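The values are calculated or read from the model by the stated rules, or taken from the named source; none is laboratory data. Just so you know, these numbers come straight off a predicted model, no measurement behind them. Methodologically, a virtual Cβ is constructed for each residue, glycine included, from the backbone with ideal geometry; neighbour enumeration extends over all protein chains shown.
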Amino acid sequence: MPDTTALLLDVRADAPGAIDALFPLVYDELRQIARARLRASPGNATLDTVALVNEAYVRLVDGTRVTLKDRSHFFALAARAMRFTLVDYARRRSAQKRGGDAVRVTLDERIDAASGDDRAADLLALDAALTQLAAADERSARVVECRFFGGLTVEETAEALGASPRTVKREWQKARLWLTHTLRSDG
Amino acid sequence: MSSLDRWADVSAALDHLLDLDADDRAAALQRLEPGLRAEVEALLSHSEEADRLFGSPATTFAAPLLGGLAADLDRLEEEDEIGRRLGPYQIEGVLGRGGMGTVYLARRVDGAFDQTVALKLLRRGLDTDDLLARFRAERQILASLDHPAIARLYDGGRTDDGRPNYAMERVEGEPITDYCDRYRLPVRARLRLFATVCGAVHHAHQRLVVHRDLKPSNVLVGGPPEAPVVKLLDFGIAKVLDPEADDVPLTRTGVRVLTPEYAAPEQLGQGAVTTATDVYGLGALLYEMVAGERPFEEVGRRAVEAAVLSREPARPSTRASEAAPTRSTTPDRLRREIAGDVDVICLKALRKEPERRYASAEALGDDLQRHLDGRPVRAQPDTLGYRTRTFVRRHLGAVAAAAAIGLLLVGLAATATWAAVTTERQRQTAAEERDRAEGLADYLVGVLGEANPYQASTDSLTVDGLVARGIATIDEAFADDPVSRVRTLAAFAAIQTERGDHARADSLLTLAEATLDATPEAPARVASDVRWERARYHIAAGDPAAAEVSYREALDRLGEDAPETRSGLTNGLGIALLNQSRFAEADSVLRIGLGLARDLGDDDGAMATLTNLSQTAAHLADTARTRAAAREVLPYVRERYGAGHPARASATFTLGTSLALLDLNAEAAVLFREALAIQRRAHGDTHPDVAMMRNNLAFALQNGEPPDLEGALEQFEAARTIYADLPNGEALGWAATENNIGTVYEDAGRAPEATEAYRRAVDVSVRAASPIDEAIARRNLGKMLLLAGRPPLAERETARAVEIMAETVGEDHPYTILMELNAVAARAAQRPQATLPDLRRAVERTDSAFGAGHWRGALARAVLAEALLASGEREDARSLLGEALPTLRAHFAPTNLVWRDIQATARAAGL
């Protein structure tokens, strides 16, 4: 077993390649936990993001060796892993269902009412928009990743990104507006 | 899409605007350059929706996708596994997936031989304790089965990340219903195929495995229609019917949701799952195979469940019409083919009450075979209303039951109920076939009437004389009537069995059997009766396994119109199983017997069977059922029989024994005293049954709360005196009673007397050639020698005890494990440190044999603690002792020698 705690400390020290080494481990673990949780309640598939990310942390990191900042770094990575997990699946699903055709975005008014296929399309559109946003405003996009995909609190996000909570709040607000607008105008 | 070209400007404007209240914001917006303003306004118009969309994490947003995600993650994992090497196997593909794991196609690549297997692997992230236990249980179950129609287990292992897996025979085929339809198999071919399935299920049942999930997709068939290969699959939710084993609970969510169409009522309700559950599953499968429809046509889980619980299925013949083409026939012919036998066979297997289904999967298969052979089937339409004469069935044969220290003698050795029963039965038989056996009834009544113990004449010389005279005249009386000769020989054999003259009973039965073999025209009923007598002889002679065979043969040969005999035989079979300590099986069989007797309105038979069920219930630790049996039987026998009637003594005594097995000693003692009084009145003070009852009464007194050691000793001594004066006392309970005397002295803290008693127990058991008694006696003697500071002698006795017990009941039997603990203790007293690993193993084995928290486990820990202390590991010793002491204090009498020794150890450890 690779020492994920040591890798996490390397991330703080900005050691080259640390994130690249750590991310796949987090990604794998998160998917395994998600699978186990989904399996535990067939027919009623829900995932508690916060619990999921926390469980991954507990399983991979020795909490006695790290600081709160390291923990936030880990959460941010986990948030990205969640994004990949959901988006990967949405992509495979859309490709499967629609033979790889371009997707049509139909953001439903009621979150619960959307079909799986429509929601997959929404998620892909959101991911694409987020990638665009990152090109213009990296930090904004990362705030969305942490808050939305990882369920991080404002404080945790601030810690992970090295920004003030106030900044995080503001970025989060603006990014949400832009993303909603972007998804809507394409609808 | 809003352009990101001027995001910096937009972003800065928003920073400003978002801090303002509505009025100020409107004013500020007006000051913006129009292009920028339009963009910013557009964004702000989405405020509410943005809050809603992003108000909870992405997993909420993606909720409709999560079900698919789970499956996708599984599939990705499976793809990852392909190419993986596990032990000698390499995974090549996916064969299927179940609740816990995926079944992969794998190939053996270690060069040993070329073989493809099905490899089942627990999914990642499912390695919770529950699922690991269930997975292991499935593997163990498969390992215990060896039948051509059950997929064979090859071997098992673990992956690097600790997940268990096992390789089993790869099965190629399709669900049995699909196979039959594809080849358009006619009904008869389907029935033959189905009989193979019954055989496989029966094989599992004999190993106490209940499949619990029989349905077409778990019964695969491959090969050409002229040589189909059937394989029973998926023991994933199977259950081992072993009261000693941990019952891994089946969680409905997470593991598997039962298919209600094939589930038995007791699986949907609260009933106990037994082998009868699989008989139901087989019935549902058979129904579908012949009729092409499932037993209940309801749609939807809830509706199906309700129907299974409350509605009788329609006869399959009434629902078989569309299925005709796939059965290579016309609708009319198909209906005719199923109507009658197949209908009643199906419906009997599908009865709501488990005890009214076939007694076993084998019996179901046999009945189908009878149908195929054109013989009458045993299943009868569900309208039994016969009333018949009553039978008092003998209750229990001798079982060396219960604890290794105190021995309850279970069962009455020989009350004289049989002779009367046999007489009555023979009378009835004679009446039925009067023209064939003119005079037989008179003859028997004349010779045997005097021997009827119910008529209180128990002068054994007279009985002896009568019997001798009867036997001497048989040849002459029935020279040209072999059937009557057989009957009479069997009747006399019964009397000899009853009287304990096994050698004579055996030779009479041998004569009866030889005559029967030479008389092919003898009615099946007579052949059945001879086997019944043989079975009772085996029970009395202490060979319940042989008795089981004879009972099964007797049931086999019985015609279809003898429900009262079937009821008696079923009770007997239950006794044979009970005497082999196969309690769960005995329980199922006796429940069937009880159902039969109740159907017949046979109260005596029902009460006798219920009395026996109190024994199985007690062994299965079902206090409620044991007490309920006592509550029903006691008032009945008290009213039905006089104060000196052996049947009343027998029932009362047996119920007492059941209660004593559950440690309900005060209640048991009351019943034992009652039975003892009746028995003394009926048989005098020196009858072996009186000794046995005294033994058990003493046992209840000794283990009562508070213990009455003096009273116990008095009863044990009286029992010993009776045994010692009997010509064949050794063969009865003598050794056990000597042993028990030792335990009373042990409890009273009197080492020399205890040692002396155990020595006598060894002597008596050696003379009796009774290995279990001998092993127990040697073990107890060894225990005393060890306490007396003579470990080498103790080691010798206990090692011998282990050897004898292992040879007699097997290495893993709880008795053997008990003996081992003493043997290891004797070694530990000499070489404490070197023995520590063995002691730890003994602790584990004791726990697994008796269940965690049992006082014997605590005792094993105390022994281990003593050795730890002697090895200088004081802390470990203290903590083990601290754990064990409360349990042991609650178990032992304060003056008990072993307990005193443990207390001395505790003091030495500073506790």
**OP:** Would you mind stating whether B:Arg37 is without any contact (Cβ under 8 Å) to a residue 12 or more places away in the chain, more than 10 Å from chain A (Cβ to nearest Cβ) and in contact with a helix residue (DSSP H, G or I) (Cβ under 9 Å, 6 or more places away or on another chain)?
**Re:** yes
**OP:** Please find, within segment B:583-604, the residue that is surrounded by the fewest Cβ atoms within 10 Å (Cβ to Cβ) out of those that are in contact with a Lys or Arg (Cβ under 7 Å, 6 or more places away or on another chain) and closer than 25 Å to B:His205 by Cβ.
**Re:** B:Gly595
**OP:** Can you work out which of the residues in segment B:168-185 that are closer than 30 Å to B:Arg107 by Cβ and in contact (Cβ under 8 Å) with a residue 60 or more places away in the chain is surrounded by the fewest Cβ atoms within 10 Å (Cβ to Cβ)?
**Re:** B:Glu169
Original post:
Across segment B:627-676, which residue is nearest to B:Ser614 (Cα to Cα) among those that are among the hydroxyl-bearing types (Ser, Thr, Tyr) and at pLDDT below 85?
Top reply: B:Ser650
Subject >> Among the residues listed as B:Leu122, B:Leu73, B:Leu65, the single one being touching a residue at least 12 places away in the same chain (Cβ under 8 Å) and crowded, with 16+ Cβ neighbours inside 10 Å >> reply: B:Leu122
Original post:
Any residue in segment B:1-20 that is surrounded by fewer than 14 Cβ atoms within 10 Å (Cβ to Cβ), of a type in the set (A, V, I, L, M) and within 7 Å of chain A (Cβ to nearest Cβ)?
Top reply: yes
**OP:** Check off (1) more than 10 Å from chain A (Cβ to nearest Cβ); (2) of a type in the set (Gly, Ala, Ser); (3) within 30 Å of A:Thr85 (Cα to Cα); (4) out of contact with any Ser or Thr (no Cβ under 8 Å at 6 or more places or on another chain) for B:Gly87 and give me the number that stays unchecked.
**Re:** (3)
Original post:
Taking B:Arg779, is it basic (Lys, Arg) and free of Cβ contacts under 8 Å to residues at least 40 places away in the same chain?
Top reply: no
Original post:
Can you pull out the residues in segment A:42-77 that are surrounded by 14 or more Cβ atoms within 10 Å (Cβ to Cβ), farther than 17 Å from B:Ala58 by Cβ and either modelled with pLDDT under 85 or aliphatic (A, V, I, L, M) (or both)?
Top reply: A:Pro42, A:Leu60, A:Val61, A:Val66
Subject >> Exclusive hit being more than 9 Å from every other protein chain (Cβ to nearest Cβ), in contact (Cβ under 8 Å) with a residue 24 or more places away in the chain and under 23 Å from A:Glu138 (Cα atoms), set A:Leu30, A:Leu25, A:Leu60, A:Leu77 >> reply: A:Leu77
**OP:** Test B:Ala26 against the stated conditions and say whether it is at negative phi and either in contact with a helix residue (DSSP H, G or I) (Cβ under 7 Å, 6 or more places away or on another chain) or within 12 Å of chain A (Cβ to nearest Cβ) (or both).
**Re:** no
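Only one residue in B:Gly156, B:Gly199 is surrounded by 16 or more Cβ atoms within 10 Å (Cβ to Cβ) and at pLDDT below 85. Which one? Full working, then the answer.
On the way: B:Gly199 fails: at pLDDT below 85.
So the residue among B:Gly156, B:Gly199 that is surrounded by 16 or more Cβ atoms within 10 Å (Cβ to Cβ) and at pLDDT below 85 is B:Gly156.
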**OP:** Looking only at segment A:98-137, count how many residues are modelled with pLDDT of 50 or more and at the interface with chain B (Cβ under 9 Å from one of its Cβ atoms).
**Re:** 16
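Taking the stated definitions as given, is B:Thr128 loosely packed, with under 15 Cβ neighbours inside 10 Å, of a type in the set (S, T, N, Q) and within 14 Å of chain A (Cβ to nearest Cβ)?
Numbers: loosely packed, with under 15 Cβ neighbours inside 10 Å: yes; of a type in the set (S, T, N, Q): yes; within 14 Å of chain A (Cβ to nearest Cβ): yes.
Considered against the rule, which asks whether it is loosely packed, with under 15 Cβ neighbours inside 10 Å, of a type in the set (S, T, N, Q) and within 14 Å of chain A (Cβ to nearest Cβ), B:Thr128 comes out as yes.
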Subject >> Odd one out for B:Leu208 among (1) over 32 Å from the mean Cα position of the chain (by Cα); (2) surrounded by fewer than 20 Cβ atoms within 10 Å (Cβ to Cβ); (3) hydrophobic (A, V, I, L, M, F, W, C) >> reply: (1)
Original post:
Which one of these does A:Ala141 not meet: (1) closer than 13 Å to A:Arg83 by Cα; (2) in contact with a Ser or Thr (Cβ under 8 Å, 6 or more places away or on another chain); (3) crowded, with 24+ Cβ neighbours inside 10 Å?
Top reply: (3)
Original post:
Just checking, how many residues over segment B:591-607 are within 21 Å of the chain's Cα centre (by Cα) and either modelled with pLDDT under 85 or not basic (Lys, Arg) (or both)?
Top reply: 5
Original post:
Looking at B:Tyr154, is it hydroxyl-bearing (Ser, Thr, Tyr), assigned to a strand (DSSP E or B) and away from chain A (no Cβ under 14 Å)?
Top reply: yes
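Residue-by-condition table, conditions (1) among the aliphatic types (A, V, I, L, M); (2) within 39 Å of the chain's Cα centre (by Cα); (3) more than 23 Å from B:Thr755 (Cβ to Cβ); (4) at pLDDT below 90:
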{"residue": "B:Leu864", "(1), (2), (3), (4)": "yes, yes, yes, no"}
{"residue": "B:Ala867", "(1), (2), (3), (4)": "yes, yes, yes, no"}
{"residue": "B:Leu880", "(1), (2), (3), (4)": "yes, yes, yes, no"}
{"residue": "B:Pro886", "(1), (2), (3), (4)": "no, yes, yes, no"}
{"residue": "B:Thr895", "(1), (2), (3), (4)": "no, yes, no, yes"}
Original post:
If you check every pair at least six apart or on different chains, which have Cβ atoms under 9 Å apart with a residue in segment B:836-855 that is of a type outside the set (Gly, Ala, Ser) first and a residue that is assigned to a loop (DSSP other than H, G, I, E, B) second?
Top reply: B:Leu836/B:Ser871; B:Leu836/B:Glu873; B:Arg845/B:Asp812; B:Thr846/B:His854; B:Asp847/B:Gly853; B:Asp847/B:His854; B:Phe850/B:Glu244; B:Trp855/B:Phe892
**OP:** Would you please name the residue that is surrounded by the fewest Cβ atoms within 10 Å (Cβ to Cβ), looking only at residues in segment B:333-345 that are of a type in the set (A, V, I, L, M, F, W, C) and under 11 Å from B:Val377 (Cβ atoms)?
**Re:** B:Val344
**OP:** Of the numbered conditions (1) part of a helix (DSSP H, G or I); (2) at positive phi; (3) not aromatic (Phe, Trp, Tyr), B:Gly789 fails exactly one; give the number of that condition.
**Re:** (1)
**OP:** Given the conditions (1) modelled with pLDDT under 90; (2) buried (at least 16 other Cβ atoms within 10 Å of the Cβ); (3) out of contact with any Leu (no Cβ under 6 Å at 6 or more places or on another chain), report the number of the one that A:Tyr89 does not fulfil.
**Re:** (3)
